[in-house]
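Engineer: Below you'll find the structure I mean.
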Amino acid sequence: MSSEPKYRHIYELLRERILQLPPGERLETVRSLQKNYGVSLATVNSALRLLTEEGLIESVRNQGIFRAGGSGEAVRRPVILILPGRDEPLFRRIIFSCYEALEARNMRLQFMIHKLVPDAELDTVIRAFDEKPAGILYMPTQVSARLKQVLREGCGHTPLVQLNRETGVAEVSFVGTRCHEASRKATARLVECGHRRIGLIMPKGCSSFLDQQERIAGFLAALKQGGISHRNAYDIIFDPSDRRLASDVIELLSGEERPTAFFATNSTYLPELFRKVKFCGLKIPDDLSVTCVDIADTFRELPVPLDRLEQPIAEICGRAVELLYEMIISHDLRPRRELLDGISCIGNSCGPPPRTDMPLPGSTLCLSNQ
C-alpha cells in the first residue's frame with residue numbers, strides 16, 4: 001500500500017486529466033468527482049486546493065470549476081437573447097429552451113426586446129454589443145443593410161449565434177432547420193395527394209432571410225418534381241406586421257380556378273386563412289388542403305390538426321447555446337453553421353383535391369392578380 005495521502009493521489013490523477021483540457025473547459029462538480037473517485041469530499045477539496053494553488057484550475061462562483069486560462073470571467077457575464085416584443089408561441093419556446101440550456105451551464109440569460117420595426121431592432125442589436133455580454137443569441141426579424149453591417153463588425157469581438165432564422169451574413173454563426181428539404185417534403189405531400197393547383201403563403205419582404213428563400217426553393221422543387229408549374233396568381237403574400245387578409249384573398253379563394261392547396265413558409269398567417277376559408281364557405285381539407293413548416297404551438301388553436309414539418313426548436317436552441325459556449329471559452333469566433341432535420345407530423349389538413357365536376361362553394365369570381 002502506498003503511504004501517499006489520498007488527496008495527493010487524486011490530485012495527480014486530476015492534474016493529468018486537466019493538462020489535456022483546453023483553457024476554459026469546465027470540470028465535473030465536486031460531488032461528481034467524489035462519486036467518480038470513491039473518496040470523501042474533504043479529499044476532493046484538498047486535491048482541488050493544490051490544483052488551484054498551482055494555477056491549473058479556477059473556481060467561478062455559481063458557475064463551476066474551469067481549466068485556468070480560459071474565459072472564467074466571461075461566463076460570469078450574462079448571455080443576451082434578442083427577440084421581438086410580440087407574444088408568440090415560437091418566441092416563448094425559444095426563451096424557455098435557451099434558458100434551460102444556459103442554466104445547465106450555470107450561465108445567466110438576459111432579454112433584450114424590440115418592437116417589430118427595423119430601426120428598433122437595429123438599436124437593440126447595437127445596445128447588446130455595447131453591453132459586452134458573454135455572448136448573444138439572436139433571431140432576426142426585419143434586417144436592414146445597416147444591421148447586417150453591425151452584425152459583421154460585432155461578431156469580430158462578441159460571440160453571437162443566430163437562431164432559427166438566418167440573415168445571410170457569412171460571418172455570423174447560425175443554427176436552424178434544413179428548410180429546403182423540409183419545405184420540399186411538406187409540398188410533396190400535397191402533390192402526392194393529387195393537387196395540381198398549389199399556392200404559396202409567404203411573408204412580404206423575406207428576401208433578406210436565407211431560410212425563407214430556402215423554403216420557397218423547396219416548394220418550387222417539389223412542384224418541379226411533380227411536373228407542376230408554379231402560378232404566382234395562386235400565392236398569398238402577407239405583411240408580418242398586419243395579419244389581416246385583404247379582400248383579394250377572398251377573391252382568390254372564391255374563384256372558379258382557385259388553388260386547391262397551399263404551402264405556408266410559416267404558420268403566422270394560418271389562423272386568419274382558416275377564418276377566410278370559412279367565410280368563403282370552404283372546408284379544410286375537403287375543399288382546400290394546407291401544410292407548412294413551423295412548430296405546433298403556433299397553430300394549436302386551429303380547428304383542424306395541421307400536416308406539417310415541425311421545426312426542432314428545443315434542439316436548435318440547445319445546440320446554439322452549446323456552440324455559443326464553445327465560442328466563449330475558446331475565444332474562437334469563427335462562424336459555425338448547423339442545420340437540423342425537421343420532424344414530419346401528419347395531421348388532418350391534407351386530402352385529395354375536390355372533384356372538378358362538383359360545384360364550388362361560394363361565389364365565382366375572377367382571380368386576383370397578386
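The values are calculated or read from the model by the stated rules, or taken from the named source; none is laboratory data. All values reported here derive from a predicted model rather than from experimental measurement. Methodologically, a virtual Cβ is constructed for each residue, glycine included, from the backbone with ideal geometry; neighbour enumeration extends over all protein chains shown. Heads up: the accessible areas ignore ligands, DNA and RNA and are worked out on the full protein's heavy atoms, side chains in. Shrake-Rupley method; radii C 1.70, N 1.55, O 1.52, S 1.80 Å.
Engineer: Filter the stretch 299-333 down to residues that are under 26 Å from residue 165 (Cβ atoms) and surrounded by fewer than 22 Cβ atoms within 10 Å (Cβ to Cβ), then give me how many there are.
Structural biologist: Result for the stretch 299-333: 16.
Engineer: Next question. Condition first: at pLDDT 95 or above, part of a strand (DSSP E or B) and over 29 Å from residue 84 (Cβ atoms). Now tell me which residues in the stretch 222-265 satisfy that.
Structural biologist: The answer is 261, and nothing else.
Engineer: Okay, moving on. Which residues, taken from the stretch 289-298, are among the hydrophobic types (A, V, I, L, M, F, W, C) and open to solvent by 30 Å² or more (accessible area, probe 1.4 Å)? Reasoning before the result, please.
Structural biologist: Going residue by residue through the stretch 289-298, those that are among the hydrophobic types (A, V, I, L, M, F, W, C) are 290, 292-293, 295-296.
Selection gives nothing.
Engineer: Being open to solvent by 30 Å² or more (accessible area, probe 1.4 Å) and closer than 19 Å to residue 204 by Cα is the filter here; which residues of the stretch 257-271 pass it?
Structural biologist: Taking the stretch 257-271 as the starting set, the residues that turn out to be open to solvent by 30 Å² or more (accessible area, probe 1.4 Å) are 257, 268, 271.
Residues satisfying the conditions are 268, 271.
Engineer: A further question follows. Tell me the residue from 94, 10, 82, 18 that is over 30 Å from residue 130 (Cα atoms), at pLDDT 90 or above and out of contact with any Asp or Glu (no Cβ under 7 Å at 6 or more places or on another chain), please.
Structural biologist: Numbers: 94 fails: over 30 Å from residue 130 (Cα atoms); 82 fails: over 30 Å from residue 130 (Cα atoms); 18 fails: at pLDDT 90 or above.
The conditions single out 10.
Engineer: Oh, and also: Within the stretch 210-221, can you find the residues that are open to solvent by 10 Å² or more (accessible area, probe 1.4 Å) and either in contact with a Cys (Cβ under 9 Å, 6 or more places away or on another chain) or in a loop (DSSP other than H, G, I, E, B) (or both)?
Structural biologist: To start, the set of residues in the stretch 210-221 that are open to solvent by 10 Å² or more (accessible area, probe 1.4 Å) comprises 210, 213-214, 216-217, 220-221.
Matches in the stretch 210-221: 210, 213, 214, 216, 217.
Engineer: If you take the residues in the stretch 334-356 that are hydrophobic (A, V, I, L, M, F, W, C) and open to solvent by less than 50 Å² (accessible area, probe 1.4 Å), which one is farthest from residue 92 (Cα to Cα)?
Structural biologist: My answer is 350.
Engineer: Find the strands (runs of 3 or more DSSP E) located wholly in the stretch 83-166 whose residues include 3 or more that are open to solvent by less than 20 Å² (accessible area, probe 1.4 Å), and list them. Walk me through how you get there before you give the answer.
Structural biologist: On the way: elements: 109-114, 135-138, 160-163.
Answer list for the stretch 83-166: 135-138, 160-163.
Engineer: While we're here: Could you please find all residues in the stretch 203-215 being hydrophobic (A, V, I, L, M, F, W, C) and more than 16 Å from residue 311 (Cα to Cα)?
Structural biologist: Keep residues of the stretch 203-215 that are hydrophobic (A, V, I, L, M, F, W, C), which gives 206, 209-210.
Those that are hydrophobic (A, V, I, L, M, F, W, C) and more than 16 Å from residue 311 (Cα to Cα): 206, 209.
Engineer: Among the numbered criteria (1) closer than 30 Å to residue 117 by Cβ; (2) open to solvent by 50 Å² or more (accessible area, probe 1.4 Å), which single criterion is violated by residue 276?
Structural biologist: Every condition holds for residue 276 apart from (2).
Engineer: Between a first residue in the stretch 197-211 that is within 25 Å of residue 138 (Cα to Cα) and among the charged types (D, E, K, R) and a second residue that is in a loop (DSSP other than H, G, I, E, B) and open to solvent by less than 20 Å² (accessible area, probe 1.4 Å), which pairs have beta carbons less than 8 Å apart while being 6 or more apart in sequence or on different chains?
Structural biologist: 211/164; 211/166
Engineer: Residues in the stretch 233-256: is at least one under 16 Å from residue 199 (Cα atoms), of a type in the set (Val, Ile, Thr), in contact (Cβ under 8 Å) with a residue 12 or more places away in the chain and open to solvent by 20 Å² or more (accessible area, probe 1.4 Å)?
Structural biologist: Yes, there is a match, as at least one residue in the stretch 233-256 is under 16 Å from residue 199 (Cα atoms), of a type in the set (Val, Ile, Thr), in contact (Cβ under 8 Å) with a residue 12 or more places away in the chain and open to solvent by 20 Å² or more (accessible area, probe 1.4 Å).
Engineer: Kindly provide the set of residues from the stretch 167-196 that are outside any helix (DSSP H, G or I) and open to solvent by 60 Å² or more (accessible area, probe 1.4 Å), ordered by number. So that I can check it myself, show each step before the final result.
Structural biologist: Of the stretch 167-196, the ones outside any helix (DSSP H, G or I) are 167-178, 193-196.
Hits for the stretch 167-196 are 170, 171, 178, 196.
Engineer: Can you list the strands (runs of 3 or more DSSP E) found entirely within the stretch 279-351 that contain at least 3 residues being of a type outside the set (Ser, Thr, Tyr) and farther than 30 Å from residue 66 by Cα?
Structural biologist: Numbers: elements: 289-294, 307-310, 337-340, 343-345.
So the answer is 289-294, 307-310.
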